[in-house]
Amino acid sequence: MSTDCYYAVKRGKQPGVYTSFLELKKSIEGCDFPLYKEFKSEKDAYDFLFGSFGLTKNKLGLYQELQLTKKYSSWPSTFVSYTDGSKKNNNSSYGFIGVVNNIIQYEEANLIDQDNASHIVGEFEAVIRTIQHAVNNNFKRVFIFYDYAQIREVLNYQGQYDNECIQNYQEFVYKQLSNIEIEFIKVKAHRGNQFNEYVNDLVKRIC
């Protein structure tokens, strides 16, 4: 995508990143309180749409990761989740936890029903299941803490991958943007974040 202007719609009829004012107008028609912003950079537009905490220019320390978890998990109508995927031998698994008021209140993990699936399949499935859980329980927004970089990176390139797993993941996330606000927060693996360590152990036990 190459253009002079990018419109990021975070709240509207169909949230996403658009390159023309006509597309922008169509995406917010019928929404009483749309939230959108114009950018010169495509990357900045996607950062506005999905969040940029933990990415290259906005890396987080352990203290910041835990403070954001504590802050967002106290917000009303908000689901805070840590996700992970794993692979051992021929088994792959996904898992996620829900944090409320800085305490783990929900967990879900299972094997992937697919022969010789990679851990990447588990990573994407964990995010899909997290969003499904949040939507099914009528949350208005979800914060997804993750440590596998592609979770967020591939969303910047909608429709530009041949991989079916990535395509299905992209399609699901973009479709759900009209149902719930989704924000991703990148954390560093294996450095003492108890929530990330917990979900990591959870998916490994399933395998």
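The values are calculated or read from the model by the stated rules, or taken from the named source; none is laboratory data. This one's a predicted model, so the numbers in the text were calculated from it and none came from an experiment. Reconstructed Cβ throughout: ideal geometry from the backbone, glycine too, with neighbour counts over all protein chains shown. Side chains included, ligands, DNA and RNA excluded: accessible areas come from the protein's heavy atoms. Shrake-Rupley method; radii C 1.70, N 1.55, O 1.52, S 1.80 Å.
Overview of values
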| item | result |
| --- | --- |
| Neighbours by Cβ (under 7 Å, 6+ apart or cross-chain): first from the range 93-117, without any contact (Cβ under 8 Å) to a residue 60 or more places away in the chain and over 13 Å from Ile128 (Cα atoms); second open to solvent by 80 Å² or more (accessible area, probe 1.4 Å) and not in a strand (DSSP E or B) | Asn102/Lys70; Asn116/Asn90 |
| Pairs where the first residue, in the range 176-199, is at positive phi and the second is open to solvent by 50 Å² or more (accessible area, probe 1.4 Å), C-beta under 6 Å, 6+ apart | Gly192/Leu62 |
| Residue match in the range 123-143 (condition: buried (at least 19 other Cβ atoms within 10 Å of the Cβ) and in a strand (DSSP E or B)) | yes |
| Any hit, the range 176-189, residues being among the aromatic types (Phe, Trp, Tyr), over 13 Å from the mean Cα position of the chain (by Cα) and crowded, with 18+ Cβ neighbours inside 10 Å | no |
| The range 41-67, residues that are more than 23 Å from Phe195 (Cβ to Cβ), open to solvent by 30 Å² or more (accessible area, probe 1.4 Å) and assigned to a helix (DSSP H, G or I) | Glu42, Lys43, Asp44, Phe48, Lys57 |
